[in-house]
1. Considering only region 270-295, how many residues are farther than 22 Å from PRO200 by Cβ and surrounded by fewer than 18 Cβ atoms within 10 Å (Cβ to Cβ)?
2. Could you check ASN25 against (1) surrounded by fewer than 18 Cβ atoms within 10 Å (Cβ to Cβ); (2) in contact with a strand residue (DSSP E or B) (Cβ under 6 Å, 6 or more places away or on another chain) and say which number it fails?
3. Of the conditions (1) outside any strand (DSSP E or B); (2) touching a strand residue (DSSP E or B) at 6+ places or on another chain (Cβ under 8 Å); (3) over 17 Å from ARG299 (Cβ atoms), GLU193 fails just one. Which one is it?
4. Taking GLU174 and the conditions (1) under 17 Å from the mean Cα position of the chain (by Cα); (2) within 20 Å of VAL263 (Cα to Cα), which numbered condition does it fall short on, given that it satisfies the others?
5. Is it true that some residue in region 286-293 is at pLDDT 95 or above, of a type in the set (A, V, I, L, M, F, W, C) and closer than 21 Å to GLU193 by Cβ?
6. Need pairs with beta-carbon distance below 7 Å; first residue touching a residue at least 12 places away in the same chain (Cβ under 8 Å) and within region 248-265, second polar (S, T, N, Q); sequence gap 6+ or separate chains.
7. Which residue is surrounded by the most Cβ atoms within 10 Å (Cβ to Cβ), if the candidates are limited to region 253-266 and must be more than 28 Å from the chain's Cα centre (by Cα) and polar (S, T, N, Q)?
8. Quick check on this structure: which one of GLY233, GLY225, GLY241 is more than 30 Å from LEU347 (Cα to Cα), without any contact (Cβ under 8 Å) to a residue 40 or more places away in the chain and buried (at least 19 other Cβ atoms within 10 Å of the Cβ)?
Amino acid sequence: MARILIIDDEKSIRRTLREILEYENFKVEEAGDGAEGFALAQKEKFDIILCDIKMPKMDGMEALDKLIEAAVDAPVIMISGHGNIETAVEAVKKGAYDFIQKPLDLNRLLVTIRNALDKSKLVTETKTLRKKISKTFDMIGDSAAISQIKDMIERVAPTDARVLVTGENGTGKELVARWLHEKSQRNAAPLIEVNCAAIPSELIESELFGHEKGAFTSAVAQRKGKFELAEGGTLFLDEIGDMSLSAQAKVLRALQENKITRVGGDKEIKVNVRVVAATNKDLKKEILKGNFREDLYHRLGVILIHVPSLNERTEDIPMLSEHFLKMICEEHGMPAKSMTKEAIKELQKVNWSGNIREFRNVVERLVILCDKTITDKDVVAYARPKG
């Protein structure tokens with residue numbers, strides 16, 4: 001049942017609104033002025049706040065300012081018999097959900113409340129999803145290597161410096177890229193990821209720079225590339241060591257001039273993106289083999305971050321085990337499970353060739369197949385099953 005707070009100095013208005021809203025199955029609380037309403041909104045959780053403008057002690061506009069400043073989640077609907085267009089515009093600019101004049105059109109009021117509740121529900125769901133996503137992309141560990149990476153991210157993220165992230169498959173290079181973006185000034189714009197190894201060499205240029213209609217047989221319409229889609233944000237070029245030499249030349253030009261040209265076009269398009277690249281290859285060896293441009297390597301590698309393998313930081317395994325146990329149990333809707341110290345020691349003996357990706361899969365297997373407490377025998381039996 002949604003809770004609504006009515007802030008109005010006229011008792012008759014409050015009583016009428018209470019009767020209507022309670023009839024519509026809302027739970028209602030009242031406040032006689034802005035100060036009382038603000039205090040109540042800070043103390044209790046409301047889904048909607050109806051707030052008059054002309055009131056003693058603290059008027060509605062001041063109450064609205066304080067509610068927004070205090071980050072009260074409830075949408076605020078302003079109501080007033082003394083309002084005009086300027087007042088309504090000012091209230092909405094300040095952050096009110098809507099403005100309704102007295103005498104109140106009850107149908108409009110109820111529709112506005114329903115719409116505000118829908119919006120509030122969406123906002124809550126979005127916040128919940130963001131929390132889930134941030135948990136999924138947490139960088140877990142307090143080993144010296146991980147602490148150094150976290151410190152590097154804090155220093156580098158606020159700048160626009162290009163970053164090259166190296167490390168084996170499954171170590172979490174994409175996590176570094178994501179946190180560089182989240183902690184940057186560009187985090188309101190998108191993070192666009194391109195897996196250079198997953199795109200055929202003949203399509204990578206179109207994927208990155210877009211194409212004009214008719215540029216090739218299947219180009220039936222104009223299409224923006226990843227550089228344009230990442231405008232104002234971050235472009236993450238994963239597995240850049242697998243990019244073709246012709247695409248490398250175009251990426252180099254884009255980084256030098258901050259301009260791109262779509263495939264099949266001749267118009268130069270300005271782009272404003274921060275590039276973070278990652279690879280599991282030794283690019284210096286690839287340069288010697290003629291597979292990677294040395295000038296592009298130096299353009300990309302302003303800041304170098306190496307992500308260690310899990311075998312190089314086994315001291316993080318207890319923390320990783322706890323993190324994945326909790327996450328996986330929640331995902332599967334299962335009661336919380338624990339792991340004995342002996343089980344963790346057994347996990348630390350395993351050769352994790354697949355790194356964090358493999359480790360998570362093993363913990364999920366243990367959660368599904370084992371009892372409430374996971375033992376060292378379980379790890380021996382299921383961590384590296386035969387066949």
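1. Number satisfying all stated conditions: 9.
2. (2)
3. (1)
4. Condition not satisfied by GLU174: (2).
5. yes
6. Correct list of pairs: ASN258/ASN272; VAL263/SER206.
7. My answer is THR261.
8. Step by step, each of GLY233, GLY225, GLY241 is checked, and only GLY225 is more than 30 Å from LEU347 (Cα to Cα), without any contact (Cβ under 8 Å) to a residue 40 or more places away in the chain and buried (at least 19 other Cβ atoms within 10 Å of the Cβ).
The values are calculated or read from the model by the stated rules, or taken from the named source; none is laboratory data. Source: prediction; values computed, not measured. Don't worry about glycine lacking a Cβ; one is built from the backbone with ideal geometry, like all the others, and counts go over all protein chains shown.
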